[in-house]
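Undergrad: First, the structure itself, so that you have it in front of you.
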Amino acid sequence: MGSSRAAGARLLGVVRDFATIGPAEALRQLNLAGLAGRPAAEVFVGLLEFVCPPGGAVDEAIARQAMLETIGDMAEAGVGSFDTLTPEQMGEFFFDFVARSIEGRVMADLGGRGVTLPDSVAAVENAQAQLHDFVTGCTRGQLAGRLDGVERMSDRDIEVVVNQIYEAAFELVAAAGEAAA
């Protein structure tokens, strides 16, 4: 999950900059000043190329898909302007991205192992919804405190924290999966 970890570190850097220098300046530093005041989902689409640079490998595709799904969730929730997001909402966006990227990795691994899915589209959608709820439940509550003090983190600190978050999340998902089996 190297690509997702790297994307997570870039995204957490945006979360940190949002908290420390403000949304308009954070966007200006990324040459996206024209997005200031725009809807949050639109800004995150603009951030997509920075957070998840395009690539051809499965890992890059998982990271981009996780980012797009997280943006879609935000748009569905009707979140307003990027400039009015709270630091907590930015943290929630980050954790949604982490959960979605882990979910994508699990799905890719299942597909790579030739796991067969039910014939019914509804059954497949139900299985995917259960996986999403499972991964989200395993990661969110246990990891939220790891963003405390993000505004004081250096780029290296962010990289370390993101790696710890992914490692802890995978351990939680694996342990819960084994317990359920």
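Undergrad: Could you order T136, T86, T70 so the one with the most accessible surface comes first? Probe is 1.4 Å.
TA: These residues rank, largest area first, as T86, T136, T70.
Undergrad: Can you bin segment 47-99 into rounded, prolate or oblate? Criterion: square roots of the alpha carbon gyration tensor eigenvalues sorted a ≥ b ≥ c, rounded for a/c under 1.5, prolate for a/b above b/c, oblate for the rest.
TA: prolate
Undergrad: A further question on this structure: Give me a comma-separated list of calculated 3J(HN,Hα) values for segment 16-21, in order, Karplus coefficients 6.51, -1.76, 1.60 applied at θ = phi - 60°, integers in Hz, x for any Gly or Pro.
TA: 4, 5, 4, 6, 8, 10
Undergrad: State, to one decimal in nm², a quarter of the convex hull surface area for the C-alpha atoms of segment 1-104, i.e. the direction-averaged projected area.
TA: Seen from a random direction, the Cα hull of segment 1-104 projects 5.6 nm² on average.
Undergrad: Could you tell me the calculated FRET efficiency between A61 and S120, based on Cβ-Cβ distance and R0 = 30 angstrom, to the nearest 0.05?
TA: Computed FRET efficiency for A61 and S120: 0.70.
The values are calculated or read from the model by the stated rules, or taken from the named source; none is laboratory data. Computed from a predicted structure; not experimentally measured. FYI the Cβ positions are ideal-geometry reconstructions off the backbone, even for glycines, and counts take in every protein chain you see. For accessibility, only protein heavy atoms count, side chains too; no ligands or nucleic acids. Shrake-Rupley method; radii C 1.70, N 1.55, O 1.52, S 1.80 Å.
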